[in-house]
Amino acid sequence: MEPIGDPREGPSTERAFEEQTIPPWTEQVTPRAVVASLVLGAAFSGVMMNLVFTSGIVPTLNITAGLLGFFLLKAWTRLLDKLGVFYEPFTRHENVVVQTCVVACASMTYSGGFGSYLLAMDHRTAEKINTGEVHGRNVSEPTLPRIMAFYFLISFVGILAIIPMRKTMIIRHRLTFPSGSATAHLINSFHTPYGAMQAKKQVSLMIQSCLGSFFVSIFQWFYSGGPHCGMTFFPSFGLAAFNRGFYLNLNGTYVGVGMISPYLINISMLVGAIVSWGFMWPYIETKEGSWYAADLQEGSLRGINGYKVFGAIGMILGDGIFQLVVIMVRTLQTMRHHQLEAAEALRSFSDANAVPRNVLSFDDRRRTQVFLREHVPGTLAMGGYAALALLSTVAIPHLYGQVRHYHVATAYVFAPLLAFCNAYGTGVAETNFAAQYSKLVILLFASWIGYGNGGVVGSLVICGVVSSVVSTASDFMSDFKTGYLTLTSPRALFVSQVIGTGIGCVVNPAVFTVFHHFYEEAGNKIYQVPLAKIYRAIAVVGVGDLDLPRHCLSMSVGFFVLALAVCALREAAAHYKWRARNFIPSVTGMAMSFLLVPAVAIDMCVGSLVLYLWTRSDRDGAQAFGPVLASGLICGDGLFSIPYALLARYGVTPPICIRFVAREQNDKLDAYLATVLEKSR
């Protein structure tokens, strides 16, 4: 959309909508918007659940949700128009309501810990990493009624925690919230003639890529009737590399995530995979029987898996702690800067001749007026937070006996502070550190509760309480920014956030139950759940009940120091604008590759390569349609994951097995088959 406006005030978006009346908030939250949110929320929950169970890497959903919400409601109104049925016009405010509902529902798959802290509680994860006790107080099975009740208790608190801060962040400090602003500009453009035409092309491409990815997944399933069978296990770089995990999978999910993720993250993961899976793990395997026992279960933290998990933990904690310190310093500097600007503005207003009277642009004046007109009272938010926190404090110990009332109450006391810091950091530079806060919470509460009192499960429960408040607060503030830029009522945003969260509290546990049953299948290696392993390992370390293999702790400390050094180098390179700053790898990206087979990083780099070549040939087209194509690939593969899990649950196996073997093995197999055939005659 081409902004128009008074030349004296600069380009204006809102003048294009100036003649349109703004409906009251009760007309922005419509039944058709809620129905569309339910459909999209359920579909996205399945897709995101597949991501948190496989790679743990989750892209942002805001833009995709806004696009598909526009498509569904536009198609519905067009159908009613052809049938001659009266309908209310579809507005951008309604579009924002759908986007808010869908993101609130689907983002719970990650912020709700379905692939991390919740999965880390069960016996299957404990068995996978062999941390000792797989029954008793340090293990808790995620039954559907209990987790549904748990999420209804904790998921709404974060919505209320951040409401009193919305004026400070959106109006006073004018934080950007990059993803929220990008979503708002996209939705604004949808509701202009040119934007509607482009949205139609984007939806068409997304549907095509989604269906293509879906049918490719079905095709590949038919040839995966056994261990290491299927077209996805093609030894692209030879059998020796294949045995180390280096091969082209061409999984739609990973290729799509690679197109959305920054180049630096994908390349960092590939570098980490080459260093770890190509050199470190093969070297440590030669020390079997010396550094660690040779008769351990696969995945035991007392074996080679301990080096993988705690190496990743050392790097992630080092990166997280460094970034927390940096973002706190930046936040304080930014707040101080805004205070000085506000004081300067007040002094300027005292002199009528100092500055023009119209300090704010037309867009800012109109948006501020709407944003402040239908506000949610701060007293209601604070009272609601206290009431819900009190309810959770009383109820959660009855759901999880490993925690006491004072544990939950303590979490709710300091959670708003963490929520504010995280939301402010997200608004400044799109830096969401909810996961880093969660890991520190696990360490602190695991040590407080203790192993004998169920500190592993107890600390993971408290992690869920804090993570829900912190993540929800930053996501909701980003939605407030979207609403501010589209003149959507804050009350409509609040109601839509509550509705989306309520839908998520029902849909996500149900979808999780399907995936969890498949995850518990013995020998299933499709769901690697890297985050669940990390979270449980941190909890076990916190309670002090783990005998690590030789040199494991020293290596973890070394990785921690290395992470601090790399982060400091990257920060210095950015500050002094060194050319080499774009080549310093991401620490967390490298750490994640310690736990994921290299095929994941290779597929993500394939996605980056596709986007890079596309950008070189058509920059505007890649910018407009690249994320859409990527979202379609992710959705198509993710949608098949649900029927895939159901087929496995009911014992339906693929009819064909395609497997690649070495020539010598093939000769032996041919000889064996010839012998069997001769005997059968």
Study note, to complete from the structure: One finds the C-alpha centres of the stretch 252-317 and the stretch 540-607 to be spaced, in Å, by 10
Review point. Under 27 Å from the Cα of LYS439, which lysines turn up, not counting those fewer than eight places away in the same chain?
Key: LYS128, LYS308, LYS525, LYS533
Check your understanding: How much of the calculated P(r) for the chain lies past 50 Å, in percent of all Cα pairs?
Key -> 14
Revision key, fill the gap. Helix 144-154: inclination vs the chain longest Cα principal axis, degrees, rounded to 10, gives 40
Review point. Which log10 I(q)/I(0) values, to two decimals, does the stretch 61-213 give at q = 0.09, 0.12, 0.13 Å⁻¹ under the Debye formula with one point per Cα?
Key: -0.49, -0.77, -0.85
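From the Cα gyration tensor of the stretch 424-523, with a ≥ b ≥ c the square roots of its eigenvalues, which class applies: rounded if a/c is under 1.5, or else prolate if a/b is larger than b/c, or else oblate?
oblate
So, by mean Cβ neighbours within 10 angstrom, what's the order for 651-661, 387-397, 531-541, 100-110 with the highest one leading?
Per-residue Cβ counts within 10 Å, averaged per peptide and sorted highest first, yield 100-110, 531-541, 387-397, 651-661.
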Practice item. May I ask you to give the percent of accessible area on the chain that is carbon plus sulfur, with a probe radius of 1.4 Å? Key: 64
**Study point:** the stretch 194-300: mean projected area of Cα convex hull, nm²
**Key:** 10.1
Check your understanding: Any idea what angle helix 304-349 forms with the longest principal axis of the chain, computed on alpha-carbon atoms, 0 to 90 degrees, nearest 10?
Key -> 10
Study note, to complete from the structure: For the stretch 556-681, the per residue accessible area (1.4 Å probe, Å²) is 59
Review point. Which value in deg cm²/dmol, rounded to the nearest 500, describes the helix-derived mean residue ellipticity at 222 nm for the chain, given -39,500 (n - 2.57) per DSSP H run of n ≥ 4 and division by the residue count?
Key: -23000 deg cm²/dmol
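Can you give me the Rg/Rh ratio for the stretch 72-158, using Cα atoms for both radii and the Kirkwood formula for Rh?
1.27
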Point to revise | Under 19 Å from LYS668, Cα to Cα: lysines that are on another chain or at least 8 residues apart | key: LYS679
Study note, to complete from the structure: The rounded separation in angstrom of the Cα centers of the stretch 158-190 and the stretch 30-96 is 20
Exercise for review: On a 0 to 90° scale, report how tilted helix 530-543 is relative to the longest principal axis of the chain, with both axes built from alpha carbons and the result rounded to the nearest 10.
Suggested key: 90
**Study point:** Sorted peptide list for 144-152, 305-313, criterion being average Cβ within 10 angstrom, highest first
**Key:** 305-313, 144-152
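The values are calculated or read from the model by the stated rules, or taken from the named source; none is laboratory data. Owing to the predicted nature of the structure, the values given are computational and were not obtained by experimental measurement. Don't worry about glycine lacking a Cβ; one is built from the backbone with ideal geometry, like all the others, and counts go over all protein chains shown. Note: areas computed on protein heavy atoms with side chains; ligands, DNA, RNA excluded. Shrake-Rupley method; radii C 1.70, N 1.55, O 1.52, S 1.80 Å.
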